[in-house]
Each structure stands twice: as structure tokens, then as C-alpha cells.
Amino acid sequence: MSDYFLERFSKDLKAKLVDILGDHYDFDINEAHPKTGAHLAVPLFGVAKRVGQNPKELANKLSQELGLEWVEKAASAGGFLNIWLNPRTLAVSLNHDLTINKTYGGSEEGNDELVFVDYVGLNMAKPFSVGHLRPTLQGQSLINLYRMLGYAVVGDTHLGDSGTPFGIWVVGFKLLSSEEALKEGGAYELGRVYTETKKLLKSEEESGNTKLKEEVSTWLKKLEAEDPEALDYQKKFNQITQEHMFEILEELGVRPDENLGESFFLKRSKQLTQELVDKDIAIRQDDGSVIVTLKEFGIDTPILLEKSDGTALYATTDLATIEHRLNNYDKTPEKIIYSVDLQQRFHFQQVFALTKKLGWAKDTELFHAWFGQIQETNEDGKRQKMSSRQGAMYIRDLIDRAMEFATKTVEGRDIGFEDIHKIAVGAIKFNDFAQDRKTNILFDWDRMFSLQGFSGPFVQYAGVRIKSILEKLQEDVAMAQELSSDYNFIKEDRLLLTLAQYPGVVKKAADKYEPHHLATYAFDLAKELNRYYEEVNIINSEDKEKEARVWLLKLIYKTLESSLGILGIQIPSKM
Ligand code: ARG
């Protein structure tokens, strides 16, 4: 892997400390506390303890002996070794770093290793609702991250197009809907029918009858037996759902590579279940259902592979999907990442344990990247799970609402639809990455669109402002293709340091499956830039300074664009 500045620096520093201390010790290199005025800080408490020295004395000794090319000054402060970098050297290093990979911050680390991201996960016959927003947005940003790090990534929507909902839908359609209504309402009509039918099933159960329930099961069996009428229904529902899904995904800038739904794996999953029974791994119980025990993995509940009526289950199609991903591509995948709701944790624990039991995926990491809830504040001021009165908040409604807020944000200015749309969707996305993925997120519309706060529009505006400055300085921009002047960059040291941190942030976000680090990063960079504008007037700078500053602005824009891009957020042309 080609190293970026801070990695090179940390290697050199570690080597130097081995020279001085006579042995290898692990330590962190952090950003120094702003009050110190230094750039980097190395806490030496741990090392000092191990070499049996006083941390203060050790820091003192190291500061005198460090003598690294990039270090302008080193001083001890408490048990920290504070380091001042030479800003000019930092700029030259960054200029070099821009050339070592296609994208600054990217790498060839993955070298085309295969990674699957299982995301979106929409269910047939239901409109795209808020429940699938996070799996979609977080999943796409993981795809972007891993691509940037040189992996061959396959994003698969794994549409939920088999199982009980299918039966519910056919029964409901026959009872409650019509071809015309379907043409008119599309996925929303499918959603309505599904909800109504669920209600009918519930009242049937309460009255002790089973007629509808049996019909549902009959349709499921018909589907598994590849009955032509059932297949026709499935094709129709699938088409409507997919059209709707792609329309919304396009609006969200999400472009999956594959859409192999559960039904694609149905046949194989039935065979697989039988194979496992034949091998005595799975047990066919007296009522006909099939289970596999997972006690040896500390899971008391066995995994259910087939119901007593012989139909396959969610876990069964997931198992067949894993088999497919492991064997049907030109490489064994390095990872299969599931960008799926928190509620499915137990499901994935079971499925992953089962693959272990079968001896599969020995060289593949299976990882469930789950998230917290999307919440809103209710009338009593309490946070609660977001939903509409009808039961599900549709993404269509969310985007429309966001469009209203975005329009208000740019009120009075001549801003086109596309830019407003970028602001609307940008605000929704940024909010999704406002905290680590496990934390519940709040839809607070005013805060999401605040131009002063931690929001998408705030960061987007920083980008728009750079573009407008660069437009005013067109001639200088043409000149500053690369860093040529010998400008000292003293006023720019913080910005340079922030830029130098970018590759590390990308790496950390991918390693931890936490794209939200990019949101925090983009925000910090934008804030740092605002501070800089207050201090420096770029347009009125001297030639030599201006050239260097234009070079820097271009690099900041690229980095802002890249970090937001990973989150799927675009910078508008005007706002
Ligand atoms: N359709 C599922 C749901 O809505 C999500 C699918 C997740 N992916 C998977 N391979 N199980 O809950």
C-alpha cells in the first residue's frame, strides 16, 4: 500500500523512537490540543511506564533527540511529546500524496479483492419506507468506501420477494384490488392491499378461523412448485416493486450492481435443506419442520429451515445466497457485509453460526453492520420511532418534505431544481451519518437544514463558496496547476494538517464500517476553512501567496467533494 504523509511520518517516528529507546513500543499519534499550538501529540505515559522512566523526562529527552526532517520543533508538555510540523514541508508532502493514487485518500489496499454489500433489502409489494432508508444509505457508503480502497465491490439489493408476504399479497389482491387499481397506484396499491389483508388475517385469527391463512399458505406452496399462475403474480409484483425501487434509488443516487432477490434462491434453498437432512446436520421434526441446532455456538434457539407445511424460510434463502456468493464469482469474497436493520441481529447470528457449522466461509468475513432507529419528536416532545399514522413513513414523502425545507433554505435566490434536490437529499443523508451507525438518529428538520450547524447544507455551502472563489480567480487557477511557489504556508498549517488526516479517516471508516467519520471530517474541514477566511483574504493576496492558496483551495474542494461523495452527498453548483 502506498503510504500517505501521516503514515510515513508515523513509521519514521516509530523507527526513530526505536533508535532512541532501544526497543519497539506502540503508541498513538494524536492531533495536539489546539491550546498548545502544536500539530501532533504523542502520549508517552504507557511507553514511559514500560521503560521505567518518568513520562515528562522521556518527552523531554525525545524532544531533544528527535531531529526528523518534517519536524520543526518538538517539546514536552506533561507526559506528551508535542510536535510542530513544518507547514511548507507538509504542503509539499500533500502535493506528492495527490499523485500516488487515483483519488486522494484512496488506495490499492484491496487489490480487487471481492466484497459484497447486501443492502436496501426492500420487500416486494411494499413501498420504499423509512425502515429501509438506513440500510440503503449506509450500505451505499460502505460500497463507496471499499471501492475507493481498491476492492471489487458488488452491491446487491436482495429484494424480499418470497415467503409469507407473497401469499398474503395474492390473497389480498384477489379480494381487495383490481388490475386497474394496480396500474393506478403501483407499489402504493400493493402496500395498501398488504396492510388491509394483514388486518383481515388478524381478525380471522381472533375469531378462530383459518380459511384465509390456509389460502396464503396454498399460494406459497404454489409458488415453490412453480405453478404458472403463481409465477405470473410474482413477476407482476416484482416488476412493480422494482420499478418503484429504482425510481427512489435513482433519486437517492444509489445504483446497485445486482438485484438477486430471495426468490432467485428459493429452489436451491429447498435442495440445500434436503442435503442437510440427508447429511444428518439438519433434523426433520415430527411435525415435518426442519431445524439445525446451534448450541455449540452458544445459541439456544435452533435455526428453522423449513416450516411444517414444507415452505422455505428467510434463513434458508439467506443460506443459499451465501453459498452463491462464496462459489459463483471469480474469487472467494473477502467480506460479505449486511447493511440491515438492528432487529435482524439474531437472524444473522444464527445464519453466521450455521455457516460455521457447515464449514463454509472459512476465508470470508460475514459482518452485520446494523443501525439504530430513525426517530422523530412527538407532540409531547419525546423521541419516538418515526412512522406515519398509516403505519409506515414513505421515502417519497420524506424527500418531498425535504424539498420544501431546501426550497426555504435558498429562498429569494435563483437556484435550480437540481441544486435544490441536492440540498434536500444531502440533508437527509448527512443526518444519517451524524453519529455512529448504532446510535438512534433524530429527524429534526430545522437542525438538518441549518446553515450554521452540523448539517449537510452547511458543508455543501462550504464547497459552493470555494467554487465561487475559484471562479473569481480563474486566471490564477489556471496557473496554480501544482504547487510551484516557495510560499511558507504558515497561516495554512491547520488546514494542511486536516487535509493530511483524510486518508486515515477513510481507512478508519472502512475498517470499522463507520462511514459517519466522513461526515464529522467534512464538517471539521468546512469549519476550519471558515476560520481561515476570517483571517485571510485570498482574492486580494499577493501573487505568490495567491497561487499557493488557490492550490490549497483546490485540494480542499477535492477532499470535501470526496468525503461527501462517500456519503452520497453532492455539492450543488449554487445555493
Ligand atoms: N427484506 C429484509 C427486510 O426488510 C431485509 C433483507 C436483508 N438482507 C438479507 N440478506 N437478509 O427485513
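The values are calculated or read from the model by the stated rules, or taken from the named source; none is laboratory data. Worth saying up front: this structure is predicted, and the values here are computed from it rather than measured. Methodologically, a virtual Cβ is constructed for each residue, glycine included, from the backbone with ideal geometry; neighbour enumeration extends over all protein chains shown.
The table that follows gives values for the structure above.
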{"quantity": "3 or more residues within 27 Å of Tyr487 (Cβ to Cβ) and modelled with pLDDT of 90 or more: qualifying strands (runs of 3 or more DSSP E) within the range 25-91", "calculated": "80-85"}
{"quantity": "Whichever residue in the range 325-334 is crowded, with 16+ Cβ neighbours inside 10 Å and farther than 19 Å from Val292 by Cβ and, among such residues, is nearest to the ligand (Cβ to nearest atom)", "calculated": "Arg325"}
{"quantity": "Test: residue in the range 103-111 that is surrounded by 20 or more Cβ atoms within 10 Å (Cβ to Cβ), in contact (Cβ under 8 Å) with a residue 24 or more places away in the chain and either in contact with a strand residue (DSSP E or B) (Cβ under 8 Å, 6 or more places away or on another chain) or not in a loop (DSSP other than H, G, I, E, B) (or both)", "calculated": "yes"}
{"quantity": "Qualifying residue in the range 463-485 (condition: touching a Leu at 6+ places or on another chain (Cβ under 6 Å), touching a residue at least 60 places away in the same chain (Cβ under 8 Å) and either over 23 Å from Glu418 (Cβ atoms) or surrounded by fewer than 16 Cβ atoms within 10 Å (Cβ to Cβ) (or both))", "calculated": "yes"}
{"quantity": "Total residues in the range 121-163, condition outside any helix (DSSP H, G or I) and among the charged types (D, E, K, R)", "calculated": "3"}
{"quantity": "Residue selected from the range 286-309 under the condition assigned to a strand (DSSP E or B) and touching a residue at least 40 places away in the same chain (Cβ under 8 Å), by the criterion surrounded by the most Cβ atoms within 10 Å (Cβ to Cβ)", "calculated": "Ile303"}
{"quantity": "The one condition in (1) under 22 Å from His517 (Cβ atoms); (2) within 12 Å of the ligand (Cβ to nearest atom) that Val120 fails to fulfil", "calculated": "(1)"}
{"quantity": "Leading residue by the ranking (surrounded by the most Cβ atoms within 10 Å (Cβ to Cβ)) among those in the range 417-438 that are aliphatic (A, V, I, L, M) and assigned to a helix (DSSP H, G or I)", "calculated": "Ile423"}
{"quantity": "Residue within the range 307-320 that is at pLDDT 95 or above and away from the ligand (no atom under 13 Å from the Cβ) present", "calculated": "no"}
{"quantity": "Failed item, numbered, when Ile337 is tested on (1) within 12 Å of the ligand (Cβ to nearest atom); (2) surrounded by fewer than 22 Cβ atoms within 10 Å (Cβ to Cβ); (3) under 18 Å from Gly139 (Cα atoms); (4) touching a residue at least 24 places away in the same chain (Cβ under 8 Å)", "calculated": "(2)"}
{"quantity": "The range 538-549 residues that are over 12 Å from Lys472 (Cβ atoms), paired with ones that are surrounded by 12 or more Cβ atoms within 10 Å (Cβ to Cβ) and aliphatic (A, V, I, L, M) (beta carbon under 6 Å, 6 or more apart)", "calculated": "Glu547/Met479; Glu547/Ala480; Arg549/Ile538"}
{"quantity": "Segments classed as helices (runs of 4 or more DSSP H), wholly inside the range 439-492, with at least 2 members that are at pLDDT 95 or above and under 27 Å from Pro515 (Cβ atoms)", "calculated": "445-448, 456-472"}
{"quantity": "Single residue of Val277, Val254 found to be over 15 Å from Thr316 (Cβ atoms) and either in contact (Cβ under 8 Å) with a residue 12 or more places away in the chain or not in a loop (DSSP other than H, G, I, E, B) (or both)", "calculated": "Val254"}
{"quantity": "Output for the range 409-453, where each listed residue is among the charged types (D, E, K, R) and closer than 21 Å to Ala526 by Cβ", "calculated": "Arg413, Asp419, Lys422, Lys429, Asp432, Asp436, Asp444, Asp446, Arg447"}
{"quantity": "Residue count for the range 384-416, restricted to those that are basic (Lys, Arg) and buried (at least 17 other Cβ atoms within 10 Å of the Cβ)", "calculated": "1"}
{"quantity": "Test: residue in the range 357-368 that is within 29 Å of Ala152 (Cα to Cα), surrounded by 13 or more Cβ atoms within 10 Å (Cβ to Cβ) and in contact with a His (Cβ under 8 Å, 6 or more places away or on another chain)", "calculated": "no"}
{"quantity": "Residue count for the range 134-165, restricted to those that are within 12 Å of the ligand (Cβ to nearest atom), touching a strand residue (DSSP E or B) at 6+ places or on another chain (Cβ under 7 Å) and under 19 Å from Ala434 (Cβ atoms)", "calculated": "2"}
{"quantity": "Members of the range 347-367 found to be in contact (Cβ under 8 Å) with a residue 40 or more places away in the chain, more than 11 Å from the ligand (Cβ to nearest atom) and not charged (D, E, K, R), listed by number", "calculated": "Gln349, Gln350, Ala353, Leu354, Leu358, Phe367"}
{"quantity": "Pair list, Cβ under 9 Å, 6 or more apart: the range 150-179 residue on the phi > 0 side of the Ramachandran plot and crowded, with 21+ Cβ neighbours inside 10 Å, other residue modelled with pLDDT of 95 or more and in a strand (DSSP E or B)", "calculated": "His158/Asp118; His158/Glu258; His158/Tyr338"}
{"quantity": "Residues that are more than 16 Å from the ligand (Cβ to nearest atom) and on the phi < 0 side of the Ramachandran plot, drawn from the range 243-270", "calculated": "Glu243, Phe246, Glu247, Glu250, Glu251, Leu252, Arg255, Lys267, Lys270"}
{"quantity": "Candidate set: the range 344-380, residues that are of a type in the set (S, T, N, Q) and at pLDDT 95 or above; chosen: the one nearest to the chain's Cα centre (by Cα)", "calculated": "Gln344"}
{"quantity": "Set Gly359, Gly412: member being farther than 30 Å from Leu451 by Cα and out of contact with any Cys (no Cβ under 9 Å at 6 or more places or on another chain)", "calculated": "Gly359"}
{"quantity": "For Ala91: the one exception among (1) more than 16 Å from the ligand (Cβ to nearest atom); (2) on the phi > 0 side of the Ramachandran plot", "calculated": "(2)"}
{"quantity": "Output for the range 366-376, where each listed residue is under 14 Å from Val351 (Cβ atoms) and either among the basic types (Lys, Arg) or assigned to a strand (DSSP E or B) (or both)", "calculated": "Leu366, Phe367, His368"}
